Every structure is written in structure tokens, then in C-alpha cells.
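Each value in this text was obtained by applying a stated rule to the coordinates, not by laboratory testing. Small disclaimer: the values here were computed from a predicted structure and weren't measured. Note: ideal-geometry Cβ built from the backbone for every residue, glycine included; neighbour counts use all protein chains shown.
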Amino acid sequence: MNIKVYAIGMVKDKNQLEAIKEYDKRLGRYCKIEMILVKNKEVLLKKLSNKSYVIKVSTQGELFTSEGLAEKVKTLGVTGTSDMAFIYSEEHLEWDDHLALSKMDMSLGMAMTILFEQIYRGYRIIHNQAYHK
């Protein structure tokens, strides 16, 4: 699976960047993942592939469990979808699914860290590997 995580803005906190890099490294055994930070909606739309299954991530989305996200990723892979795009944005965009990490607002760095951790947790669940609760 090829996963791209898009967001408008910059992650400034070095601890959050390190955590994202760690989850990126861990995810390498399961998928190809890339975080793409852009300046605005127009740049994001230019970079977004039209063949990707798009999951918008915002406070207005549906709250998933870790198991629910794992099942979504697994189902997409089994049905032949090889490209996924998570877009963290409050902008109006076209999407296939709409996910919320929380109903609370958080910094971009925190949201990206949690999203990468949840994708990693999802792959651990898919592969029946232990992961703390």
C-alpha cells in the first residue's frame, strides 16, 4: 500500500517530528508512507493523485476505533486499492471517507503524530501482532 499524508502548514516541534520519523521507519515493513506538508489548498490539490482513495481527517469526521481504521485499510488493500491519501484539513475538499482523530482541536504536529501512530497500530492489528492498548 502507498500512503500519503497531506497537511497544510508546518510541523515545528522537533519531538513530534522525531516521533513521526520513528513511526515512518516502523511502517516501512508494512507500506510505503510519506508526509507531504504544503502551503495552501491549491498546492495540495495539485499534488493529490486522482487514483488515491482519499480520507479527510478533521474534527468534523467520524470517530473510528483503531480496529475500525485497521479494517478500512485491510479492506481497501484486499479490494485492489493500492494508493491512499489522508488529508488533515478543515478546508472543503472531495473525499471518500471522513475521519476524526478527536473532536478536540490540536496542533498539526500532534495530529500528524497521532495519525502516523494509528496507521502503525492498524497495521499491527491487521498482522495480528501485539500492540499495547
Subject >> Tally of residues being within 21 Å of Arg124 (Cβ to Cβ), free of Cβ contacts under 8 Å to residues at least 12 places away in the same chain and not basic (Lys, Arg) across segment 15-41 >> reply: 3
**OP:** Could you tell me whether any residue of segment 24-41 is of a type in the set (Asp, Glu), farther than 13 Å from Ala111 by Cβ and over 12 Å from the mean Cα position of the chain (by Cα)?
**Re:** no
Subject >> segment 92-129, residues that are closer than 18 Å to Val73 by Cα and more than 14 Å from the chain's Cα centre (by Cα) >> reply: Arg124, Ile125, Ile126, His127, Asn128, Gln129
**OP:** Return only the number of the condition from (1) touching a residue at least 12 places away in the same chain (Cβ under 8 Å); (2) surrounded by 14 or more Cβ atoms within 10 Å (Cβ to Cβ); (3) of a type outside the set (Gly, Ala, Ser); (4) out of contact with any Phe, Trp or Tyr (no Cβ under 6 Å at 6 or more places or on another chain) that Leu44 does not satisfy.
**Re:** (4)
Original post:
Taking Met10 and the conditions (1) in contact (Cβ under 8 Å) with a residue 40 or more places away in the chain; (2) surrounded by 14 or more Cβ atoms within 10 Å (Cβ to Cβ), which numbered condition does it fall short on, given that it satisfies the others?
Top reply: (2)
Original post:
Does any residue in segment 48-71 that is buried (at least 18 other Cβ atoms within 10 Å of the Cβ) come within less than 6 Å, Cβ to Cβ, of a residue that is charged (D, E, K, R) and in a strand (DSSP E or B) six or more places away or on a different chain, and which pairs are these?
Top reply: Ser52/Asp83; Ile55/Asp97
**OP:** Write out, first by first residue and then by second, each pair whose Cβ atoms fall under 9 Å of each other, whose residues are 6+ apart or on separate chains, and whose first residue, in segment 85-112, is within 15 Å of Lys51 (Cα to Cα) while the second is polar (S, T, N, Q) and assigned to a loop (DSSP other than H, G, I, E, B).
**Re:** Ala85/Ser49; Ala85/Ser52; Asp96/Ser52
Subject >> Verdict on Ser89 being under 12 Å from the mean Cα position of the chain (by Cα), among the polar types (S, T, N, Q) and within 21 Å of Met10 (Cα to Cα) >> reply: yes
